[in-house]
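Okay, structure first, notes after.
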Amino acid sequence: MINRMKILVTGGDGLLAYALRQLPAPDCHLHFLPRREFDISNQDQARKQLDALKPDAVINTAAYNLVDRCEQERDLSWSINATAPGALAALCAERNIRLVHYGTDYVFDGKKKSPYSETDAPNPLNHYGAGKLAGEQAVLAASPRHLVLRTSWVFGWHPTQTKTFVHTILKAAREGKPLKATTDQISAPTCASDLAQWTLELLRGQPSGLFHAVNDEGVSRFDWARIILDEAVRAGLLPAAPPVEPVLSSFFSSTMRRPDYTVLDNAKLAKQTGHPAGSWRAGLRKMLAQMK
């Protein structure tokens with residue numbers, strides 16, 4: 001009889017939770033809870049759920065990731081991205097439960113111009129990045145068994161949620177709206193199904209600490225948009241790829257500063273899992289096939 005690992009997944013309605021649901025995992029029993037049943041900002045509720053379910057591990061997919069609004073809603077975003085993960089990590093540590101938490105490339109300032117490793121010093125430029133950094137530090141401080149996976153530009157298919165950059169580009173193309181994308185924001189797109197797979201692989205082993213969890217190859221928003229459109233044409237989702245106008249970040253007059261280069265080095269992850277992290281291009285093709 002297989003000794004199945006019992007895993008509680010917060011943010012159970014979200015994109016990454018959906019990707020986790022789709023994985024074949026006969027050695028795991030995944031229990032998904034939406035925010036109304038497990039609000040990471042509600043310590044009493046979190047404590048009761050942990051004591052009732054007694055999981056071996058918790059995968060925390062909940063976050064406040066509307067990055068521009070984080071500048072205005074600072075107290076709310078800090079509560080969800082910094083304070084709540086730290087409190088959840090402490091509750092898990094008290095019960096000998098491993099916690100997996102997700103960080104962001106926005107903890108870096110973009111000045112390096114070559115892929116960031118886990119040992120590079122963070123220096124966030126905005127409130128979202130600062131809150132996420134405080135959250136991951138609190139998680140790692142709570143227990144030597146906890147895991148933080150930093151990721152970037154997550155995309156994937158979901159039956160009801162259409163908030164990723166891929167969805168935004170395709171929607172604008174179908175509606176005939178002019179398309180503009182930045183040439184000075186470069187990072188690594190990450191397929192949600194790959195991120196979900198790495199999460200379970202790391203939980204099956206016993207590594208802990210910080211990992212950069214992204215697909216291979218950095219790309220600008222501009223080139224990423226053009227590749228999305230070309231692949232959508234190839235998949236039969238668009239009759240032709242409309243032009244994309246290259247612009248700088250300053251064109252959008254954002255209220256927050258964004259780092260211009262945040263490609264993460266995934267070598268540590270690949271070494272731990274024993275295989276390359278894989279291409280976001282393959283993930284994009286898979287997503288477009290599902291959309292069709």
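On the accessible surface of the chain, probed at 1.4 Å, how many percent belong to carbon and sulfur atoms?
Ligands and nucleic acids excluded, carbon and sulfur give 52 percent.
Counting only residues 5 or more places away or on other chains, whose amide H sits under 5 Å from the amide H of Val148 once H atoms are built in the peptide plane?
Distant-sequence amide H within range of Val148: His101, Gly209, Leu210, Phe211.
Averaged per residue, what accessible surface does the range 181-282 expose to a 1.4 Å probe, in Å²? Please report the intermediate quantities before stating the final value.
On the way: 4310 Å² over 102 residues.
Ligands and nucleic acids excluded, the result is 42 Å² per residue.
What nm distance separates the two modelled labels at Gln161 and Asp51, each placed 7 Å from Cα along Cα→Cβ?
Once both label points are built, they end up 3.0 nm from each other.
Straight-line reach only, C-alpha to C-alpha below 18 angstrom: list the lysines that Lys177 could link to, leaving out same-chain residues fewer than 8 apart.
Leaving aside lysines fewer than 8 places away in the same chain, those within reach of Lys177 are Lys163.
Under 27 Å Cα-Cα from Lys271, which lysines qualify once same-chain neighbours fewer than 8 residues away are excluded?
Straight-line reach from Lys271, under 27 Å: Lys6, Lys111, Lys112, Lys113, Lys132, Lys286.
Nearest 20 debye, what's the magnitude of the dipole of the chain about its Cα centre given +1 on Lys and Arg Cβ and -1 on Asp and Glu Cβ?
Values: 35 positive and 29 negative charges, 100 e Å.
Approximately 480 debye in magnitude.
By the scheme Lys and Arg +1, Asp and Glu -1, what is the net charge of all other residues having a beta-carbon under 15 Å from that of Ala89? Show your work: numbers first, answer last.
Working: positive: Arg47, Arg95, Arg98, Lys132, Arg145; negative: Glu94, Glu136.
Computed value for this residue: +3.
Compute the accessible area per residue over the range 1-69, keeping the other protein chains in place, probe 1.4 Å, unit Å².
Details: 3720 Å² over 69 residues.
It amounts to 54 Å² per residue over the range 1-69.
Run the numbers for Thr183 and Asp120: contour at 0.36 nm per residue of separation, minus the present Cα-Cα distance, in nm. Each step should come with its number before you reach the end.
On the way: separation 63, 0.36 × 63 = 22.68 nm, distance 2.42 nm.
Extending this stretch completely gives an extra 20.3 nm.
Tally Lys/Arg at +1 and Asp/Glu at -1 over every other residue whose Cβ is under 15 Å from the Cβ of Pro239; what's the total? Show your work: numbers first, answer last.
Working: positive: Arg174, Arg234, Lys292; negative: Glu175, Asp230, Glu231.
For residues surrounding Pro239, the net value is 0.
Which net charge results for the neighbourhood of Ala188, defined as the other residues with beta-carbon distances under 9 angstrom from its beta-carbon, given Lys and Arg at +1 and Asp and Glu at -1?
Numbers: positive: none; negative: Asp105, Asp216, Glu217.
Around Ala188, the surrounding residues sum to -3.
What do you reckon, how do Glu175, Glu71 stack up by accessible area (1.4 Å probe), largest on top?
Numbers: Glu175 95, Glu71 35 Å².
Result of the area sort, largest leading: Glu175, Glu71.
Just name one of Gln197, Asn123, Ala213: the one whose Cα is farthest towards the positive end of the charge dipole of the chain (beta-carbon charges, Lys/Arg +1, Asp/Glu -1).
Value computed over the given set: Gln197.
Please say if the range 6-55 is rounded, prolate or oblate, where rounded means a/c under 1.5 for a ≥ b ≥ c the square roots of the C-alpha gyration tensor eigenvalues, and otherwise the choice is prolate for a/b larger than b/c and oblate otherwise? Mind showing how you got there, number by number?
Working: a/c = 3.82, a/b = 1.47, b/c = 2.60.
Oblate shape, in that a/c is at least 1.5 and b/c is the bigger or equal ratio.
For the range 44-197, with only Lys/Arg (+1) and Asp/Glu (-1) charged at the beta-carbon, what is the dipole magnitude about the Cα centre, in debye rounded to 20? Can you show the working numbers first?
Working: 18 positive and 16 negative charges, 60 e Å.
The calculation lands at about 280 debye.
Report the full-extension gain for the segment Asp44 to Ser79: residue separation times 0.36 nm, less the Cα-Cα distance, to one decimal in nm. Intermediate values should be presented prior to the final figure.
Numbers: separation 35, 0.36 × 35 = 12.60 nm, distance 1.52 nm.
Taking 0.36 nm per residue and subtracting the Cα distance, the gain is 11.1 nm.
Lys292 to Arg174: extension gain in nm, 0.36 nm per residue of separation minus the Cα-Cα distance?
Details: separation 118, 0.36 × 118 = 42.48 nm, distance 1.39 nm.
Going from the current span to full extension adds 41.1 nm.
Would you mind calculating the relative contact order of the chain from Cα pairs under 8 angstrom and at least 6 residues apart, reporting the percent as a whole number?
20
The values are calculated or read from the model by the stated rules, or taken from the named source; none is laboratory data. Values in this document were obtained by computation on a predicted structure and should not be read as measured data. We place every Cβ from the backbone using ideal geometry, glycine too, and count neighbours over all the protein chains shown. SASA here: full protein model, heavy atoms, side chains in, ligands and nucleic acids out. Shrake-Rupley method; radii C 1.70, N 1.55, O 1.52, S 1.80 Å.
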